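Undergrad: Dropping a structure here in structure tokens format, bear with me for questions.
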Amino acid sequence: MSQLSPSLANAKLAAFLSVRNGVKAVEFYKAAFGATEFFRFDAEDGTVVAQLAIGQSDFWVSDESPEYKNFSPETLGGGTVRMVVVVDDPHTVYDHAVAAGATVVCPVTDEHAWRIGRVLDPFGHHWEIGKRL
């Protein structure tokens, strides 16, 4: 066991999404996934940093900052991670995200012991919505 392990016993890991328009992204995540804001800082230049939550899980969103090597999927031409939302009713959450403006990547289907579908948000991030079967 690592000496660091006790220090990590109560650690929490949260994704930090970089986007081109943080204000619009925050509003999209609220509309698509019912996200709530825990923290928000709006800078004078119109950029934003926000901590959001979906259910019991939180994540961060901010405008990209190329000077710190934080790029949005739009700038990179694609993302390097996917967000996974585990819910009781994947069809309903998936349909709600699409109605809010997400693009269908894969419809909800049963495969590999999961009922899961994938959407692309307007900012280039992929969201898998599903549950174990």
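Undergrad: Where only protein heavy atoms count, and the probe is 1.4 Å, what is the accessible area per residue for the chain in Å²?
TA: Ligands and nucleic acids excluded, the figure is 62 Å² per residue.
Undergrad: Another question about this same structure. Explain nothing, just compute: Karplus ³J(HN,Hα) = 6.51 cos²θ - 1.76 cosθ + 1.60, θ = phi - 60°, for every residue of the stretch 39-55 in order, whole Hz, x for Gly and Pro.
TA: These are the phi-based 3J(HN,Hα) values: 8, 8, 10, 9, 7, 4, 7, x, 7, 9, 10, 9, 9, 10, 9, 10, x Hz.
Undergrad: Report the full-extension gain for the segment VAL23 to ASP95: residue separation times 0.36 nm, less the Cα-Cα distance, to one decimal in nm.
TA: 23.6 nm
Undergrad: What's the ranking of 56-62, 17-23 by average number of surrounding C-beta atoms within 10 Å, highest first?
TA: The most tightly packed comes first, giving 17-23, 56-62.
Undergrad: Please report the net charge: other residues with Cβ closer than 14 Å to the Cβ of VAL23, K and R +1, D and E -1.
TA: -3
Undergrad: How much of the DSSP beta bridge set in the stretch 70-127 is antiparallel, as a percent to the nearest 5?
TA: 80
Undergrad: Let me ask you something else. Summing +1 for each Lys or Arg and -1 for each Asp or Glu, what net charge is found among the other residues whose Cβ lies under 11 Å from the Cβ of VAL119?
TA: Here the count lands on -1.
Undergrad: Where a Cα-Cα gap under 23 Å defines reach, which lysines qualify for LYS24, not counting those fewer than 8 residues away within the same chain?
TA: LYS69
Undergrad: Per residue of the chain, what 222 nm ellipticity follows from adding -39500 (n - 2.57) for every DSSP H run with n ≥ 4, rounded to the nearest 500?
TA: -6000 deg cm²/dmol, from helical runs alone.
Undergrad: Still on this structure: Can you list the aspartates and glutamates whose alpha carbon is less than 20 Å from that of LYS131, not counting same-chain residues fewer than 8 positions off?
TA: ASP58, ASP88, ASP89, ASP95, ASP110, GLU111, ASP121
Undergrad: Something else now. Using unit Cβ charges (K, R positive; D, E negative) and no other charged atoms, how large, in debye to the nearest 20, is the dipole of the stretch 76-127 about its Cα centre?
TA: In total the dipole reaches around 200 debye.
The values are calculated or read from the model by the stated rules, or taken from the named source; none is laboratory data. Being a predicted model, the structure only gives us computed values, none of them experimental. Cβ sites come from the backbone with ideal geometry, for glycine too, and all protein chains shown count toward neighbours. Quick note on the areas: whole protein, heavy atoms, side chains included, nothing else; ligands and nucleic acids left out. Shrake-Rupley method; radii C 1.70, N 1.55, O 1.52, S 1.80 Å.
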